[in-house]
Each structure stands twice: as structure tokens, then as C-alpha cells.
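Please treat every number below as a calculation from the coordinates, not as lab data. All values derive from a computational prediction rather than experimental measurement. We place every Cβ from the backbone using ideal geometry, glycine too, and count neighbours over all the protein chains shown.
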Amino acid sequence: MRLAYADPPYLGCCGRYGHRHERPYGCWDEPTTHADLLTDLKKYDGWAYSLSTVSLRAVLPFAPDDVRIGAWVKPWCSFKANDPGYAWEPVLFRSSRNKNERGRDRPTTRDWHAEQSRRRMKQSFFFGAKPDGFCRWVLDLIGYRDGDEFDDFFPGSGIMGRVVAQGVLL
């Protein structure tokens, strides 16, 4: 199976990354740039795409009709006065394997995952780096198995590649 994960700069956050516009994509402050990336992901058997709650409305229309939305719930988040906290992040995903292909020996994967962000855990200085458990959850959502071809569109801190290299996932 060919699988992929994309964690691009979130819509409206391109400046945090110095407006690096990796080819073939443009400015991440533009919804059409996210649409182009989602088009590229459709070429894979399974994939996941991280985004922010504020960009979900703008990006979701570009996703295929059968896409699902998972939730990464962050037990601790920063709060601003009189403003709901950003305590979860959506993850669009398409699994590479249907329920019959997953096998009864694998536990059911929830469509949500709760874990502190690496920033809060102070384990990464790379803005937006995800924790190990999040990476394992995403790989399970998309049906990853050892030996599958896997592309990380935005390797950043390299954590997803390290988790894949650890081998067998639940």
C-alpha cells in the first residue's frame, strides 16, 4: 500500500515558517494551496492531513466525499481571556484498508486521540512537532502495516519517520 501524511503550515500560519513555499505548492495562507496538496494525496491508498480548527471550514470542501475527520485532543492548551481554548486539532483521513482487511487481531482505532503537544511536553523545539503517540494513532487510522510505502510530505522534526522506523504498530 502507498500511504502518506501531510502536516503543512496551517491556513493563515505561513509566516510562522518564514513563508517558505515548497514546490510545487504556493503560499499556505491560500486555501487553493491546501486544495492542491489534497489533490496530490488522493493518489495514495490511504492518507492523513493535519489542520487547525479555524481552517477546517475552508479546507474540508477540497477533500474527497468519503474523507473522515479525526480529533487530536490536547488535555492542556493555552487559554486567552473570553476566548474558547484551542484544545483539539482535526485530522482528515482516508484508510487504506477496510474493516475486513484490518483483521480481528487489531484493536479498534478511535477517531480521536488525547495527548499533550510536544511543545507543552518540551520535547521539541520544532514548531508544530507532533508527539510519538499522535504519530502512531495517525498511522493506525490510515491502516499502516510494516512494509507499506510511506511518504511524509512535511518531515519537519522527523518524528513521523522515526515512529515508522520503530516497526510494528498496534
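Observations on the structure shown:
- As a rough footprinting exposure proxy, the listed residues Tyr25, Tyr10 were ranked by other beta carbons within 10 Å of their own, and the order from fewest upward is Tyr25, Tyr10.
- Here the residues Met160, Met1, ranked from fewest to most Cβ neighbours within 10 Å of their Cβ, fall in the order Met1, Met160.
- Inter-label distance for Leu56 and Ala35, nm, one decimal - labels placed 7 Å from Cα along Cα-to-Cβ: 2.2
- Rounded, prolate or oblate (a/c below 1.5 giving rounded, otherwise prolate when a/b exceeds b/c) for region 38-89 by Cα gyration tensor: prolate
- Panel order for Val138, Val73, Val59, by other beta carbons found within 10 Å of each beta carbon, from fewest to most: Val73, Val59, Val138.
- Segment Phe154-Ala114, length gained on full extension (0.36 nm per residue, minus Cα span): 12.2 nm
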